[in-house]
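Chemist: Please find one structure pasted underneath; my questions will follow.
Derivation of every value follows stated rules applied to the coordinates shown; laboratory data play no part. Given the structure is predicted, the values throughout are model-derived calculations rather than measurements. Note that each Cβ is placed from the backbone with ideal geometry, even for glycine, and that neighbours are counted across all protein chains shown.
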Amino acid sequence: MSEVYIIAEVGINHNGDVQLAKELIDLAHDSGCDAVKFQKRDIDSVYSKEELDTPRESPFGTTTRQQKEGIELSIEEYKELESYTESKGLDFIVSCWDMVSLELVEEHLDVKYHKVASAMATDRGFLEALNNSGRPVILSVGMCTQEEVDAAVDILDDVEYILACTSTYPTKEDEINLNYITTLMDKYPHLKVGFSNHYNGLAALMGATALGSECLEFHITKDRTMYGSDQVASIESVHDLLVNLRKIELMLGDGEKVVYDSEKPIASKLRKVNDICQN
């Protein structure tokens, strides 16, 4: 079994600050992750004027528009972060939340994968546009019925990973449903299956690894008390998490029963009789 592919989601935890984004990329790199992921939105495509005009206190102003614009990065800033990510030897991934953003990313960036956010998993036109990009896709299926999951898998041409996911921040323990990982494995044996985490602890990711996930995605932060809606469901102790995930991978073994060389002298010492396989 190959190593689990580890995606550290910066998402919007950079709060519109390129330097903070770079520090989170450093955190992912220094902890041993394989990729970082960001989110891209065209504000006027994703949100209605009425919603954007609603009052909302934030470090960026007093309206929802000011808050949403404050945490967005320009495509030039994304190009800078893509270059920085590649200099660290990490894959650069973006989840686009609308067609305008997808067109911008395709025109200006060279992402490893397109990530389908759960919010976009039921948009046929968007999924078909991803096919036109020719890039492999990582599909999250939070908020989806099984019928919708089946339809998304049918539409997409090149799903690299499909991720079990519950889209609440943070996810309650009794709604994580890790066993859906094995359901996906049984239902789509041709796909690599993983888990996208929104639980505010390490246990779900460790459990997902033990179940054989081939990809893990989780939000990272330097400090959960920082401003932002995703901070509370993010991981601070990324290095400790990676150490334990890699240990679990090693512990899983290959599933075959063998007598290890380290056991043989103990067997010689403790066993007085060994005739169970004799006729």
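Chemist: Exposed loop chymotrypsin sites (Phe, Trp or Tyr not before Pro) only (DSSP loop, at most 15 other Cβ atoms within 10 Å): please give the longest stretch of the chain free of them, not including the sites.
Modeler: Values: sites that count: Tyr227, Tyr260.
Result for the longest clean stretch: 1-226.
Chemist: Now, a different point. Taking just the C-alpha trace of region 1-51, give me its Rg and Dmax in Å.
Modeler: Rg, Dmax (Cα atoms, Å): 14.6, 50.
Chemist: Might you report the magnitude of the Cβ-based charge dipole of the chain about its Cα centre, with Lys and Arg at +1 and Asp and Glu at -1, to the nearest 20 debye?
Modeler: Its charge dipole is roughly 1220 debye.
Chemist: Give me the dipole magnitude in Debye, nearest 20, for region 1-69 about the Cα centre, with unit charges on the beta carbon: positive for Lys and Arg, negative for Asp and Glu. Kindly include the intermediate steps, with their values, before the conclusion.
Modeler: Details: 8 positive and 14 negative charges, 38 e Å.
With only Lys, Arg, Asp and Glu charged at Cβ, the dipole is about 180 debye.
Chemist: Using the 2.2 N^0.38 Å rule of thumb for compact globular proteins, work out how region 156-265 stacks up: its C-alpha Rg over that value, please.
Modeler: Rounded to two decimals, the normalised Rg is 1.24.
Chemist: What distance in nm separates the simple spin-label points at Thr182 and Ile266, each placed 7 Å from Cα in the Cβ direction?
Modeler: 2.7
Chemist: Within the chain, which DSSP H helices have Cα atoms that stretch 15 Å or more along the helix axis and a mean Kyte-Doolittle hydropathy of at least 0.5? Numbers along the way, then the final one.
Modeler: Details: long enough: 18-31 (20 Å, 0.13); 75-87 (18 Å, -1.38); 238-252 (21 Å, 0.78).
Long hydrophobic helices here: 238-252.
Chemist: Here is a follow-up. What is the list of residues in region 107-148 whose amide nitrogen lies under 16 Å from a point 7 angstrom out from the Cα of Ser83, following Cα to Cβ?
Modeler: Only 108-111 pass the distance filter.
Chemist: Once Lys and Arg get +1 and Asp and Glu get -1 on their Cβ, which of Ala164, Gly125, Leu104 lies farthest toward the positive end of the dipole of region 5-270?
Modeler: Ala164
Chemist: Once all Cα-Cα distances of region 1-108 are split into 10 Å bins that start at 0, what whole-number percent is in each one?
Modeler: Once binned at 10 Å, the Cα pair distances of region 1-108 give 14, 42, 30, 12, 2, 0.
Chemist: Given the DSSP H assignment, sum -39500 (n - 2.57) over each helix run of at least 4 residues in the chain and divide by its residue total; what's the result at 222 nm in deg cm²/dmol, nearest 500?
Modeler: Values: 12 runs with 111 residues, N = 279.
That calculation yields -11500 deg cm²/dmol at 222 nm.
Chemist: OK, next. What share of all Cα pairs of region 5-270, in percent, falls into each consecutive 10 Å distance bin?
Modeler: All Cα pairs considered, the percentages come to 7, 28, 35, 20, 6, 3, 1, 0.
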